[in-house]
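Rule-based calculations on the coordinates, nothing more; no lab input. Nothing here was measured: the structure is a model prediction, and the numbers come from that model. So basically every Cβ, Gly included, is an ideal-geometry build from the backbone, and we count neighbours across all protein chains shown.
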Amino acid sequence: FGVKRNVSKDIEFRVVGLAESQSHKLKWVDYMGGSWQVMGNWLIHEGAENPTKQAWGALGCIEVCGENAWNKFNELLKSLTNVDDYNEMGKLELLTVEYLPAPRPALRIKK
C-alpha cells in the first residue's frame, strides 16, 4: 500500500493499493526501464537496493528490493518459464499474480 495525495484538492491524502482478493496475468511494459504490469498503473518493478537508506515511492506497487534483486527476480522467471523474452512471457500469459485480501492500513498524519 502507499499514500496518495489528491493535488487538485490540495490536502486530501488516502491509502491506495489492491486490497481485494484477485488474480491477474502479468504483462511486460517499458515503464521504469521495464516492469511487470499487474493491471492499470499497478506494477511489479525494481525497488531500492537498500530501502532503509533510500527514499523510494511505490504507491501500492510491488517493489523488488535489494542489491541486484530485480535482475535475480527476472532471471528466476526466465528459469521457471523456459522463455528468455519478457514480452513473450506476457503474450503467452505464463505469469499470474494472486492477491490475498488485505485491509488497507489506517492513514496517520503527523503534524
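The table that follows gives values for the structure above.
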| read-out | value |
| --- | --- |
| Percent of Cα pairs exceeding the 15 Å cut-off, where the set is segment 53-111 | 68 |
| Crossing angle, helix 69-81 versus the chain [Cα axis fit, 0-90 degrees, rounded to tens] | 40 |
| Cβ-based charge dipole, the chain, positive-most Cα from CYS61, ASN6, PHE73 | ASN6 |
| Only Lys, Arg (+1) and Asp, Glu (-1) charged, at Cβ; segment 59-111 dipole about Cα centre in debye | 660 |
| Per-residue [θ]222 nm for the chain (sum of -39500 (n - 2.57) over DSSP H runs n ≥ 4, rounded to 500) | -5000 deg cm²/dmol |
| Reachable aspartates and glutamates, given that their alpha-carbon falls under 18 Å from the alpha-carbon of LYS25 and they are not under 8 places away in the same chain | GLU63, ASP84, ASP85, GLU88, GLU93, GLU98 |
| Trypsin sites (Lys or Arg not before Pro) lying in DSSP loop within segment 1-81, provided at most 10 other Cβ fall within 10 Å | LYS53 |
| With at most 12 other Cβ atoms within 10 Å, longest stretch of the chain clear of loop GluC sites (Glu not before Pro) (DSSP) | 21-66 |
| Net charge of neighbours whose Cβ lies under 12 Å from the Cβ of LYS78, counting Lys and Arg as +1 and Asp and Glu as -1 | -3 |
| nm² value of the averaged projected area, convex hull over the Cα atoms of the chain | 8.5 |
| Environment charge at VAL15 (Cβ cut-off 11 Å; Lys +1, Arg +1, Asp -1, Glu -1) | +4 |
| Relative contact order of segment 1-85, defined on C-alpha pairs under 8 angstrom at six or more residues apart (%) | 22 |
| Antiparallel DSSP beta bridges within segment 19-89, as percent of all bridges there, nearest 5 | 65 |
| Total charge dipole magnitude, segment 8-101, about the Cα centre, Cβ charges on Lys, Arg, Asp, Glu only, Debye to nearest 20 | 160 |
| Most positive-pole-ward Cα, MET89, MET39, GLY17, against dipole of the chain from beta carbon charges | GLY17 |
